[in-house]
Amino acid sequence: MWAAWALLCAALALGCWAEPALLRRDDAGAGRCTYSFTVASPEDGSCPGPELRAELAALAARLSRLESRGGAEPACAELLRARTQGAAVVLSSSWGTEPIQGHQGFPPRSIKAHRQGSAVSVAAERSWMGWGTGLPPRASRFGVTGPAQGVQGGKGASAPAHTAPGPAVAPRWDPPPLAYQELQSERTEVPASQLLEETALGHRGSEDSGCGELVWVGEPVVFGRADSIAGKYGVWMKDPEPVPPFTRETTWRVDVVGTDVRQLFQYEAAEQLAQGYPAKVHILPQPLESTGAVVYRGGLFFQPRHSRAVARYDLRGEAVTAKREIPSAGYHGQYPYSWGGYTDIDLAVDETGLWVIYSTEKARGAIVLSKLNPETLEIRRSWETNIRKQGVANSFVICGTLYTISSYSAPNATINFAYDTTTSTSRALSIPFKNRFRYLSMVDYNPAEQQLFAWDSFNMVTYPIRLSHV
């Protein structure tokens with residue numbers, strides 16, 4: 001047994017073979033002693049192999065010499081007292097109070113020690129498992145307890161003076177509360193209406209109904225993602241004034257990358273859009289140009305390719321019921337938005353009706369805003385602004401006021417201008433606007449939901465907004 005005692009003492013003496021250790025012995029009474037070991041907690045990379053082998057060799061030599069003089073126990077005590085720096089973890093051996101037979105005149109003794117703290121010495125761990133096993137430390141198996149306490153001996157015994165400090169507590173991470181959840185994947189399922197209701201500034205009551213000036217745009221909420229290159233740019237929308245059998249939940253989508261864009265995807269709800277399975281695919285009789293289309297009162301209004309005209313496609317009859325040219329309007333890259341994409345003619349819907357946004361040679365590239373008759377597409381009235389169309393990334397209309405966006409790619413863009421058709425005046429703004437995916441190709445306002453619909457680099461998103469009411 002003395003050999004096991006010597007091996008245990010040698011292992012505990014090493015601590016973590018580069019860390020100090022300390023042994024304290026107290027009288028437990030009845031001819032027994034109580035031993036308490038204190039060693040430093042191990043750290044990654046702190047126990048180099050060569051140093052271990054050298055120290056083990058030196059230790060073995062010293063033990064051999066000392067055993068011949070008086071036994072293993074004095075050797076252990078001498079070595080352990082020599083390592084006097086850094087108390088951290090108190091170890092408890094699994095032998096409990098089983099007596100160990102004396103060697104060369106030493107009386108039977110019991111060994112007590114208590115495992116407490118956040119880690120275990122690798123040297124002590126290997127003394128339990130056997131040297132040279134190559135197994136990793138099992139420190140994670142030992143539970144973290146309260147503050148370390150001394151070992152209590154028998155009658156009249158005093159507690160050891162060396163106690164381990166409490167385990168280091170990792171800082172707690174409290175994530176900020178989220179007003180919505182955004183899942184980015186090839187098919188994204190988000191309960192849109194619920195998320196918007198939970199948005200802190202998105203609650204809509206009586207004070208948020210009706211017209212007003214735009215004062216705030218919230219973070220974008222992702223509804224779906226296009227799964228092919230044709231969907232890098234696109235347009236998606238809902239009809240604010242639907243005609244049966246369609247409802248306000250019926251969602252429409254067009255992927256516009258290509259030279260012959262004719263497919264109009266119909267979804268029964270935005271959730272179906274997120275899943276990527278359309279209820280029906282309409283094939284337009286004419287290809288459309290870019291991302292300026294809108295759905296309003298049962299019709300798809302779009303710009304036919306390579307023309308300055310606007311057409312109405314009846315969603316029930318599946319046929320074009322009206323078509324009219326916008327006089328002198330630039331088209332096919334003459335006066336697009338700053339991102340290009342042949343966005344010369346852009347249609348919009350607000351609380352007052354149907355609009356078309358474009359420019360002419362006479363206006364020298366400035367935005368012209370015209371109100372359209374949704375049945376005949378005749379221009380009712382036009383306003384020439386002082387906002388250069390190619391100087392803004394996109395635009396939309398709310399309550400008869402045109403708003404423009406400063407950049408299609410900057411993550412922190414702004415709503416930078418507003419043109420009020422009631423006063424025929426414009427003013428500069430600086431309302432923060434986030435381009436989460438850094439390529440905004442379409443923005444439209446939905447007056448029924450009072451939020452913005454947008455297409456941002458494959459992603460179909462909405463923005464909650466707030467209007468002021470004077």
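Among the conditions (1) in a strand (DSSP E or B); (2) modelled with pLDDT under 90, the only one that Val215 does not satisfy is (2). When the range 308-330 is filtered for residues that are in a loop (DSSP other than H, G, I, E, B), open to solvent by less than 40 Å² (accessible area, probe 1.4 Å) and small (Gly, Ala, Ser), only Gly330 remains. Gly333 meets the conditions (1) more than 23 Å from Trp383 (Cβ to Cβ); (2) part of a loop (DSSP other than H, G, I, E, B); (3) touching a residue at least 24 places away in the same chain (Cβ under 8 Å); (4) in contact with a Phe, Trp or Tyr (Cβ under 8 Å, 6 or more places away or on another chain) in every case but one. The failed one is (3). When the range 276-307 is filtered for residues that are part of a loop (DSSP other than H, G, I, E, B), farther than 20 Å from Pro327 by Cα and of a type in the set (D, E, K, R), only Arg297 remains.
Considering Gly340, Gly391, the condition of being open to solvent by 10 Å² or more (accessible area, probe 1.4 Å), of a type in the set (Gly, Ala, Ser), farther than 27 Å from Lys238 by Cβ and out of contact with any strand residue (DSSP E or B) (no Cβ under 6 Å at 6 or more places or on another chain) is satisfied by Gly391 alone.
Each row is one residue, and each column tells you yes or no for (1) free of Cβ contacts under 8 Å to residues at least 24 places away in the same chain; (2) buried (at least 21 other Cβ atoms within 10 Å of the Cβ); (3) of a type outside the set (A, V, I, L, M, F, W, C).
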| residue | (1), (2), (3) |
| --- | --- |
| Trp216 | no, no, no |
| Val221 | no, yes, no |
| Ile229 | no, no, no |
| Lys232 | no, no, yes |
| Lys238 | no, yes, yes |
| Pro242 | no, no, yes |
| Glu249 | yes, no, yes |
| Trp252 | no, yes, no |
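Scanning the range 429-466 for residues that are hydrophobic (A, V, I, L, M, F, W, C), open to solvent by less than 10 Å² (accessible area, probe 1.4 Å) and farther than 22 Å from Ser370 by Cβ gives Phe433, Leu440, Ala454, Trp455, Met460, Val461.
The residues of the range 358-374 that are under 46 Å from the mean Cα position of the chain (by Cα) and open to solvent by 60 Å² or more (accessible area, probe 1.4 Å) amount to a single one, Arg364.
Quick one: would you say Glu268 is open to solvent by 20 Å² or more (accessible area, probe 1.4 Å) and in contact (Cβ under 8 Å) with a residue 40 or more places away in the chain? Against the criterion (open to solvent by 20 Å² or more (accessible area, probe 1.4 Å) and in contact (Cβ under 8 Å) with a residue 40 or more places away in the chain), Glu268 does not qualify. Residues in the range 389-403 include none that are of a type in the set (D, E, K, R) and without any contact (Cβ under 8 Å) to a residue 24 or more places away in the chain. The set of residues in the range 407-428 that are open to solvent by less than 40 Å² (accessible area, probe 1.4 Å) and either in a strand (DSSP E or B) or hydrophobic (A, V, I, L, M, F, W, C) (or both) comprises Ala410, Ala413, Thr414, Ile415, Asn416, Ala418, Tyr419, Asp420. Just one of (1) more than 38 Å from the chain's Cα centre (by Cα); (2) touching a residue at least 40 places away in the same chain (Cβ under 8 Å); (3) farther than 21 Å from Ser426 by Cβ fails for Val320. It is (2).
With respect to (1) of a type in the set (S, T, N, Q); (2) open to solvent by less than 60 Å² (accessible area, probe 1.4 Å); (3) in a loop (DSSP other than H, G, I, E, B), the lone exception for Thr404 is condition (3).
The values are calculated or read from the model by the stated rules, or taken from the named source; none is laboratory data. What you see is a predicted model; the values in this text were computed from it and never measured. Positions of Cβ are generated from backbone atoms using ideal geometry, with glycine treated the same way; all protein chains shown enter the neighbour counts. The accessibility values were calculated without ligands, DNA or RNA, using every heavy atom of the protein model including side chains. Shrake-Rupley method; radii C 1.70, N 1.55, O 1.52, S 1.80 Å.
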